[in-house]
1. Give the angle, between 0 and 90 degrees and rounded to the nearest 10, that separates the Cα long axis of helix 89-104 from the longest principal axis of the Cα atoms of the chain.
2. Roughly how far apart, in whole Å, are the Cα centres of the stretch 16-42 and the stretch 73-97?
3. If every alpha-carbon in the stretch 43-137 counts as one equal scatterer, what log10 I(q)/I(0) does Debye give at q = 0.19, 0.24 1/Å?
4. Looking at the chain from every direction and averaging, what is the projected area of its Cα convex hull in nm²?
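Every number here is computed from the coordinates shown, using simple stated rules; none is lab data. Just so we're clear, the structure is a prediction, and the values are computed from it rather than from any experiment.
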Amino acid sequence: MTDHERAQLECAFVLHQRAYKNSSQLLDCLTEHHGIVSLVAQGSRRAGRGQRALLQPFVPLRISWSRRRELGRLIDAELAGAPTTLAGNALFAGYYINELMLRLMARGDANSAAYSCYIRCVATLAAAAAVPPALRIFERDLLRALGYGIELEFDIETGEPIQPNLSYRYEAERGALVHTGVGDDDSVFLGRELIALREGELGDGEALRAARRLLRPVLAFYLGERPLRSSLVMRDIVGRGLD
């Protein structure tokens, strides 16, 4: 980033907002060409200001800002489309994907693939699709977009295609390799389960549970020890079925 950055009508979503000083808000925004940026919306909490209602999660925006270093100043914001309505489990899932973006994306680094991944997931949740498959596909695609990779095509040792009837051990940062040991554990999967996640075919419970079992430790590897607050809330409110 240059010493003084100005952006005009950049496509964006608010991922998180909080009160700032007497009447302002501090926003973390996902933008199409600038990655995640932190901005102050001055006076946005004053009575009579319509901006506060606009600066909410899941609302497609075009925003303009000016900034030096990390924290910038919001200059203008306008709707870029119809606000997305999320309710119930889909709303909790929306907050989860927002937090995941904030935790995994580097600030100020443009990533069009991650931005597209986010838009697709929000649209899927808004269409009242089943929430757990939507989250697993989002997690898979986001990890790939960020360069962390989920290798589900080949055995990493032999180079052979994943076979549906073989068992594989999956290792974070590496991929799948044929499991030749005796017994089973949470890192061992049938080839057909890996193929189902690769193809996004998570309609049956077995494939969905396997996808969750594979993705959870991979995400934990990159997130570190601090748990996601939204994930903890989801477990408390809706149980293990959602996350």
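1. 90 degrees
2. 14 Å
3. Normalising to I(0) and taking log10 leaves -1.08, -1.37.
4. Details: hull surface 59.7 nm².
Reported value for the Cα convex hull: 14.9 nm².
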